[in-house]
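The values are calculated or read from the model by the stated rules, or taken from the named source; none is laboratory data. Please read these numbers as outputs of a predicted model, since none were measured by experiment. Virtual Cβ from ideal backbone geometry, glycine too; neighbours counted across all protein chains shown.
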Amino acid sequence: MKKYILSIVLFVIGAGIFAFTKLTSGSVNDLEIKIENTPVIMPACYKVYGNPEAVNGRYFLFKMMLTNKGSHPIKNVKPSYEIPKFIEETELDKIAVINPGQSVVIACYPTFKDDIVNKTTSSKEKTKIKIATAGGDKEEEFVFEMKGRNEFLYTCVNPDEIRSYRDMFDNDPLVACYVTPEDPIIKYYTQQIQEKVLKGETAAVTNDPKEAVRFLLGVYQATYLSGMVYSGTSGVPSKFDDVQSLVQSLRLPREVVTGNTGLCIELSILYSSVLMAGGLEPIIFLIPGHAYPGIKFQGQYFAIEATKIGGAGIGGRGDAEEAFKRGMEELDEFIKAAQMGDERYSIINIRELIAQQITPMELKDDQFMREKVEKIAANWVNGALPQDVNTNVAASNTGGGGGTTSGMSDYNGVVSFSYPQNWQGMNNPVQGLPQLIKAFVSPDQSGFLQVYAVPGASNGNEAMQIIKQQLYGLGQEVQYQSSGSNGNFQMYNGTTYSQNGQLPWSAYLKRTGNGMGGLIVGSYTGGHNGIFQQVIGTLR
Amino acid sequence: MKKIIASIFVLFVWVNINAQEIKPLKNNIEFTLDEYGNGKVIFSQKLNASQWDNFKRTMGSNQSLLKRELERALPGYFLSDFEYKEDAMERSYSLSFNAYGVSKVNSVGKWVIDLDAKNPDVTKISDNAYMMISESSNGGQLVQTTQKLIFPESASNIKQEKNSFGKAIFTFDMSGSSATGNAMQYGGIGLMVLAVFLGWRKSKET
């Protein structure tokens, strides 16, 4: 017996320690659990739900706060969740200990499988949450609505919290999930347009806006030649838990192509998919009750009225040039309304949203659809877009109003002047520099006329300081000095240093109703002096 | 923690973005941890006349929007006890709220708070307080943000370290923390196993 004394002592000490730790461990019943869950999941956006970085993590399945209300620490806490039929039991985190009074917050971003996009109808689904601890387990569950892949909720903001028009369309950025440039069917459709309608194109590899506009018109021409028609889909107000929203059924771009019909937003999504597959920067313009597609090219927007395809049953249809002309007219109205601060006029920049990790769904190739695209594209052979199609609507659209005399056009705004007709105009060309309201660029892209409006500035120095600071934020360094005044205008000479090189310029600023405004002229090559003198001579 | 600061920063810079101002806009964010690992955040700003006017036209006239926007900007947190105070004569205001569970206990019983930034410029201002000053430009508005991180009195052995991803974290000890319990439990089991093994060895010796 004596020889076992060490073993007995060690065993008793070990058992004592084990019993002590067990007796001083909290139970799972001491955990207070608070859960906030989403009432709806849209399968088309499954990659957003699974990504905590997407849209700042706004689209979680649930978040949960565990608070230890007991007097002992709760150890080895392992929360997990399961969505039967969709996601097997998955551990969320491992928490070594939750001390008395301590709270731990866990957010769940579920990783759905790619085949979730095959779901075409709504259903009620259940999320089961399990919290396993050293002191026992606990289970919770909630029910949510899993929509069909085509169903899109415009907002998830609680009706009590809705304050403005934008809140009613809070989910608009998720429209980017329906833009599918990587869909094999859309890629094939784009190739067919490039080959049969455009007969080759260089939009993504040249700096020529005309070529980009030709691509835009080519997409319209393809829908036109296919006999595609405008048609509606269901949109019904629905209520889910605390959320009330219009639920719109959105056909995917491949469905619009093969079905040969689409609603304005669906056509805009199709255009965005094709334009993106073609290497351009697609834009969707949203206005009250309508949407139309376009592109942003070298800082300038171009738009087309995709629904001009109309249909024999709804009053006929217009050709590509008419659609472009109408689109640019709408764009003018859009810019005016947006500049007036009307928040109902907004844009969806697909590339920017993808950069925020709002990524499109995965779609597989489909032989039937591919054959359908081939059949549709067979009708395009004799309807290729003419090489000299009128893409000049943009140029006439960019003026500041006024007439035209001997190679010069008039700009009338915060200041008035004449500028060469062949210089291309752009409205608000630089995001992040709202004071730059208009710019004209020479055909060789080296000369600039820039119109600034600087509200709140009381003199030229303040206006220059504000512009300098704005440009600094955009990575550009500005040096300047006053060069006196001429009539109402205060004059400055300076140079802007950026990765594009040095841009020497001259500024002419005067007081306006609510601040300062004026014209800055400059050239990277030091050229265009004759033109600048001509322009300054007309400045008033 | 950085996410909280960044979200507040974006939110309030956005509020004031329309007011052009050559001097930097100064923000103060005080982040006080309690002994449970929760954070009390106090954000304060002093504005000039045009900024104040703009603020009152937007968020300042409907302060519940501040709460809503913060909750939407910080979806991964549970926030509570929002309090808004303003001194209109001085054109200043402060917003405070609690954020739960921002600091956690790791597997070796150390409290950890994640700054979610690489090489932040941190200055120690007392045994339990640290400060970070950052300057940035947002839409042309120069913004200076002073962030103060205050640890509880009971915190000790506060160290600035890096996590596996090279991002800055603070680790510290706090009385009442007891992740050591796991080690004790496994130690107890180990001793019992050892005792059985030794007993078995002794029985074989005869």
Task: Answer residue from the stretch A:42-72, given it is within 12 Å of chain B (Cβ to nearest Cβ) and among the basic types (Lys, Arg) and is surrounded by the most Cβ atoms within 10 Å (Cβ to Cβ) among those - done: A:63
- [ ] Of all residues in the stretch A:1-25, count the ones that are within 22 Å of residue A:77 (Cα to Cα) and at the interface with another protein chain (Cβ under 10 Å from one of its Cβ atoms).
- [x] 8
Task: Cross-chain or 6+ apart pairs with Cβ under 7 Å, the stretch A:353-381 first and of a type in the set (S, T, N, Q), then in a helix (DSSP H, G or I) - done: A:356/A:54; A:356/A:55; A:357/A:54; A:359/A:47; A:379/A:225
- [ ] State all residues of the stretch A:418-474 that are farther than 23 Å from residue A:301 by Cβ and among the basic types (Lys, Arg); if no residue qualifies, say none.
- [x] A:468
TODO: Say whether the condition of being in a strand (DSSP E or B), in contact with a helix residue (DSSP H, G or I) (Cβ under 8 Å, 6 or more places away or on another chain), in contact (Cβ under 8 Å) with a residue 40 or more places away in the chain and over 13 Å from residue A:26 (Cα atoms) is met by at least one residue in the stretch A:108-130.
DONE: no
TODO: Could you list all residues from the stretch B:35-81 that are among the hydrophobic types (A, V, I, L, M, F, W, C) and not in a helix (DSSP H, G or I)?
DONE: B:41, B:42, B:43, B:47, B:74, B:78, B:79
Open item on the list: Can you tell me which of (1) exposed (fewer than 14 other Cβ atoms within 10 Å of the Cβ); (2) modelled with pLDDT of 80 or more; (3) of a type in the set (S, T, N, Q); (4) within 24 Å of residue A:409 (Cβ to Cβ) is the one residue A:481 doesn't meet?
Closed with: (4)
TODO: Check A:57, A:16 and return the single one that is in contact with a Gly (Cβ under 8 Å, 6 or more places away or on another chain), closer than 30 Å to residue A:158 by Cα and free of Cβ contacts under 8 Å to residues at least 60 places away in the same chain.
DONE: A:57
Task: Residue that is nearest to the other protein chains (Cβ to nearest Cβ), among those in the stretch A:474-496 that are touching a Leu at 6+ places or on another chain (Cβ under 8 Å) and either acidic (Asp, Glu) or over 20 Å from residue A:537 (Cβ atoms) (or both) - done: A:474
Task: Looking only at the stretch A:293-324, and only at residues there that are in a helix (DSSP H, G or I) and under 15 Å from residue A:210 (Cβ atoms), the one that is modelled with the highest pLDDT - done: A:324
TODO: Looking only at the stretch A:440-470, count how many residues are under 28 Å from residue A:422 (Cα atoms), among the hydrophobic types (A, V, I, L, M, F, W, C) and touching a Leu at 6+ places or on another chain (Cβ under 7 Å).
DONE: 3
Open item on the list: Can you find, within the stretch A:80-94, the residue that is farthest from the other protein chains (Cβ to nearest Cβ) among those that are within 19 Å of residue A:32 (Cα to Cα) and in contact (Cβ under 8 Å) with a residue 24 or more places away in the chain?
Closed with: A:80
TODO: Please indicate, with yes or no, whether at least one residue in the stretch A:401-408 is surrounded by fewer than 16 Cβ atoms within 10 Å (Cβ to Cβ) and modelled with pLDDT of 80 or more.
DONE: no
Task: Set A:97, A:77: member being surrounded by 21 or more Cβ atoms within 10 Å (Cβ to Cβ), without any contact (Cβ under 8 Å) to a residue 40 or more places away in the chain and assigned to a strand (DSSP E or B) - done: A:97
Task: From the options A:137, A:114, A:167, residue that is within 14 Å of another protein chain (Cβ to nearest Cβ) and over 16 Å from residue A:36 (Cα atoms) - done: A:167
Task: Subset of the stretch B:115-141 that is modelled with pLDDT of 85 or more, outside any loop (DSSP other than H, G, I, E, B) and not small (Gly, Ala, Ser) - its residue that is surrounded by the fewest Cβ atoms within 10 Å (Cβ to Cβ) - done: B:123
Open item on the list: Condition first: among the hydrophobic types (A, V, I, L, M, F, W, C) and surrounded by 19 or more Cβ atoms within 10 Å (Cβ to Cβ). Now tell me which residues in the stretch A:281-300 satisfy that.
Closed with: A:283, A:284, A:285, A:286, A:291, A:295, A:297
- [ ] Provide a single number: the residues in the stretch B:40-89 that are without any contact (Cβ under 8 Å) to a residue 12 or more places away in the chain, more than 13 Å from chain A (Cβ to nearest Cβ) and charged (D, E, K, R).
- [x] 3
TODO: Count, please, the residues in the stretch A:448-476 that happen to be aromatic (Phe, Trp, Tyr) and in a helix (DSSP H, G or I).
DONE: 1
- [ ] Assess whether residue A:503 counts as being within 17 Å of residue A:448 (Cβ to Cβ) and assigned to a helix (DSSP H, G or I).
- [x] no
